[in-house]
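Peer 1: Submitted below is the structure of interest, expressed as structure tokens.
The values are calculated or read from the model by the stated rules, or taken from the named source; none is laboratory data. Everything quoted here is computed from the prediction, not taken from an experiment. Note that each Cβ is placed from the backbone with ideal geometry, even for glycine, and that neighbours are counted across all protein chains shown. Accessible surface areas use protein heavy atoms only, side chains included; no ligands, DNA or RNA. Shrake-Rupley method; radii C 1.70, N 1.55, O 1.52, S 1.80 Å.
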Amino acid sequence: MARESTCRFAILGMLCREPMSGYDLRSAIERSVGHFWQESYGNLYPTLERMAEEHLVELDPEASSRSGRVRKVYRVTTAGRSALAEWLRRPVLPHVERNELLLKLFFGAQVGPADSLAQVERGRAEAEGLLAALRLLDENVRQARSDDPEFAYRHLSIRAGLLGLEAHLRWCDEAREALQRLERTTVSTKKRGTR
């Protein structure tokens, strides 16, 4: 229920900006909050249907028939706006990160430093790609109108992503050095053992 609950508030926040179809919502989430929040189609559509039953969102009859084809375009209701505002005021629930890279490193002695180093290198490459995309998003947001009331809020979330990725890359560099030292030590110990 916690994931669905948070999904519904991501949907409400997006629909407060403008009416959207499920497909539009998914695209808007990917383009805006996708660096820290993602939703699958499998979760998005059932949640939208339940929210419609709960009168948090409703079909927008004008937008749904505007293109000439039947398309479900949702808009937020007054009850939906109230629910979003109430959720925004609640304290954030504690979050325990699930990081597969760290889990694999924790047990890395089972395979050795070379395999762990390869995992760190892959993680670093992925983080570099994300950082480049986030920097582009940051530039686009900063070039937008600064009189937009949502500007400061968007920029703060992007900055958190940028700083987090930069810190992760620094950690990757430290991990690389530590694993390379460990690998040299392991190789040196093996050589001494064969003499």
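Peer 1: Would you point out the residue of segment 148-187, among those that are at pLDDT below 85 and within 18 Å of residue 116 (Cα to Cα), that is least open to solvent (accessible area, probe 1.4 Å)?
Peer 2: Here the residue is 186.
Peer 1: I'd like to know if segment 129-138 contains one or more residues that are more than 12 Å from residue 36 (Cα to Cα), assigned to a helix (DSSP H, G or I), modelled with pLDDT under 85 and charged (D, E, K, R).
Peer 2: Within segment 129-138, not a single residue is more than 12 Å from residue 36 (Cα to Cα), assigned to a helix (DSSP H, G or I), modelled with pLDDT under 85 and charged (D, E, K, R).
Peer 1: Let me ask something else. Regarding segment 67-74, can at least one residue be identified that is open to solvent by less than 90 Å² (accessible area, probe 1.4 Å), closer than 21 Å to residue 8 by Cα, touching a strand residue (DSSP E or B) at 6+ places or on another chain (Cβ under 6 Å) and outside any loop (DSSP other than H, G, I, E, B)? Steps first, answer last, please.
Peer 2: Taking segment 67-74 first, the residues open to solvent by less than 90 Å² (accessible area, probe 1.4 Å) are 67-68, 71, 73-74.
Then keep just the ones that are closer than 21 Å to residue 8 by Cα; that gives 71, 73-74.
In the following step, the residues that additionally are touching a strand residue (DSSP E or B) at 6+ places or on another chain (Cβ under 6 Å) were identified as 71, 73-74.
From the residues that got through so far, the ones that are outside any loop (DSSP other than H, G, I, E, B) too are 73-74.
Yes - at least one qualifying residue is present in segment 67-74.
Peer 1: If a residue has to be at pLDDT below 80 and open to solvent by 50 Å² or more (accessible area, probe 1.4 Å) to count, how many in segment 24-43 make the cut?
Peer 2: Of the residues in that region, 4 qualify.
Peer 1: May I ask you to list the residues in segment 1-39 that are assigned to a loop (DSSP other than H, G, I, E, B) and within 21 Å of residue 137 (Cβ to Cβ)?
Peer 2: As a first pass, look at segment 1-39 and keep what is assigned to a loop (DSSP other than H, G, I, E, B): 1, 18-19, 32-39.
Matches in segment 1-39: 18, 32, 33, 34, 35, 36, 37, 38, 39.
Peer 1: Go through (1) surrounded by 11 or more Cβ atoms within 10 Å (Cβ to Cβ); (2) at pLDDT below 85; (3) of a type in the set (Gly, Ala, Ser) for residue 82 and report which single condition fails.
Peer 2: (2)
Peer 1: Quick one: in segment 109-147, of everything that is charged (D, E, K, R) and buried (at least 17 other Cβ atoms within 10 Å of the Cβ), which residue is nearest to residue 187 (Cα to Cα)?
Peer 2: By that ranking, first place goes to 124.
Peer 1: I would also like to ask the following. Does residue 57 satisfy being touching a residue at least 24 places away in the same chain (Cβ under 8 Å) and of a type in the set (Val, Ile, Thr)? I'd like the intermediate steps shown before the answer.
Peer 2: Values: touching a residue at least 24 places away in the same chain (Cβ under 8 Å): yes; of a type in the set (Val, Ile, Thr): yes.
When the stated conditions are applied, residue 57 passes them.
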